[in-house]
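Any read-out appearing in this document is the output of simple, stated calculations on the displayed coordinates, not a laboratory observation. These figures come from a predicted structure and were not determined experimentally. Reconstructed Cβ throughout: ideal geometry from the backbone, glycine too, with neighbour counts over all protein chains shown.
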Amino acid sequence: MLYSEKVMDHFRNPRNLGKMEDADGVGEVGNAKCGDIMKIYIKVENDIITDVSFNTFGCGSAIASSSMATEMIRGKPVSEALELTNKAVAEALDGLPAHKMHCSVLAEEAVRAAVKDYYDRNGISCHAKDFCDHNCAQCGE
């Protein structure tokens, strides 16, 4: 079978699906090559992600990755959400086919973008390196 039971379950029954009108942070990422677009919304109280939702336009793996990522960060401190990796998302889904791993990468990036938006909206200083995995002028690493 190409997809695990967990991937199929999260695709057929996505958790936390829908737009959040009063989000404290919104992260939108996309991959023009494959056409997947993910938007993750977070609600934060006392540095804890109390609510999270998503809208994803894309394949089953993208929807499953978004759903799993939201489940993994709900109830966690914002700093812990920043530590979410695409590998952890894929592992929690009992694996993704190699050609679909980019979906878990998008989920990681969307979570980071939502946290960055939350930090920006609230004037919370952060390290650019927390939002960048490679050498670039933005993070200086």
Restrict the search to the stretch 1-71; then list the GluC sites (Glu not before Pro) that DSSP places in a loop and that have at most 16 other Cβ atoms within 10 Å of their Cβ.
GLU21
Over all directions, the stretch 65-133 yields a Cα convex hull whose mean projected area in nm² is 4.6 nm²
Size descriptor, Kirkwood hydrodynamic radius, that averages inverse alpha-carbon separations across the chain, Å:
15.0 Å
In which sequence would ARG12, ARG121 go, from the one with the fewest C-beta neighbours within 10 Å to the one with the most?
ARG12, ARG121
Given charges of +1 on the Cβ of Lys and Arg and -1 on the Cβ of Asp and Glu, with all other atoms neutral, how large is the dipole of the stretch 1-86 about its Cα centre, in debye to the nearest 20?
360 debye
